[in-house]
1. Between I129 and residues 5 or more places away or on another chain, which pairs have amide H atoms under 5 Å apart, with H built 1.01 Å from N, and which residues are they?
2. What angle, in degrees between 0 and 90 and rounded to the nearest 10, separates the Cα long axis of helix 49-59 from the longest principal axis of the Cα atoms of the chain?
3. What spacing in nm lies between the two simple spin-label points modelled at K105 and I44, each 7 Å away from Cα in the Cβ direction?
4. Given the rule -39500 (n - 2.57) for each run of at least 4 DSSP H residues, summed and divided by the residues of the chain, what is its mean residue ellipticity at 222 nm, to the nearest 500 deg cm²/dmol?
5. Taking every alpha carbon pair in region 43-126, what does the distance histogram look like in 5 angstrom bins from 0, in percent?
6. Please give the length that would be gained between K57 and S94 if that part of the chain were fully extended, namely 0.36 nm times their separation in residues minus their C-alpha to C-alpha distance (nm, one decimal).
7. Within region 75-140, report the trypsin sites (Lys or Arg not before Pro) that DSSP leaves as loop and that have at most 11 other Cβ atoms within 10 Å.
8. If you place +1 on the Cβ of every Lys and Arg, -1 on the Cβ of every Asp and Glu, and leave all else neutral, what size is the dipole of the chain about its Cα centre, to the nearest 20 Debye?
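No value in this document is a laboratory result; all are computed from the given coordinates. Treat the numbers as computed from the prediction; the structure is a model and nothing was measured. Glycine gets a Cβ as well: all are built from the backbone with ideal geometry, and neighbour counts include every protein chain shown.
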Amino acid sequence: MKKIISCTAFLIFSLSAFSQQINKSELIGKWRVVSAESTLGNLIPEEFKSTLDSLMKGIMIASFEFEENGKFNFNFGIQEMAIQNAHWKIDSKSNSIVVQEWADKDKEKSKLMEISIEKEKDKTYFLPIETFFKLEMKKD
């Protein structure tokens, strides 16, 4: 019986840790990257390591800006990859942040970027979907 109660408590705790809802008021503001890591670990082919190093340098000076009116800016060390004057919204189905061109803000399928958020203890992580980065973030 104790094992069943312990397993049930663990399951409830685990599910609540992974089902954190994104709170719009907590998100609004400027977030900067504190640290970044590749989720690929040692699986990166040798020929891509220099590209990864360049991306990491750009990411380490990156910031994400979420404004109350839905405006979004992604300032990145590689100017061609920056996003300016876009629109952001919370997708309640996937519990993620969707970034779109402002003109496409009412459309469901158009995305420039999608970001999943994880909270672990007192740290916040942004996980841009379709990338292999986990970014530790700090709100300014």
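1. E114, I115, S116
2. 90
3. A separation of 3.6 nm, rounded to one decimal place.
4. Mean residue ellipticity, 222 nm, calculated: -7000 deg cm²/dmol.
5. For region 43-126, the binned pair fractions read 3, 13, 19, 20, 19, 14, 9, 3, 0 percent.
6. Additional length available on full extension: 10.4 nm.
7. Taking region 75-140 and a limit of 11 other Cβ atoms within 10 Å, the loop trypsin sites (Lys or Arg not before Pro) found are K93, K107, K109, K121.
8. Taking the Cα centre of the chain as origin, the dipole is about 600 debye.
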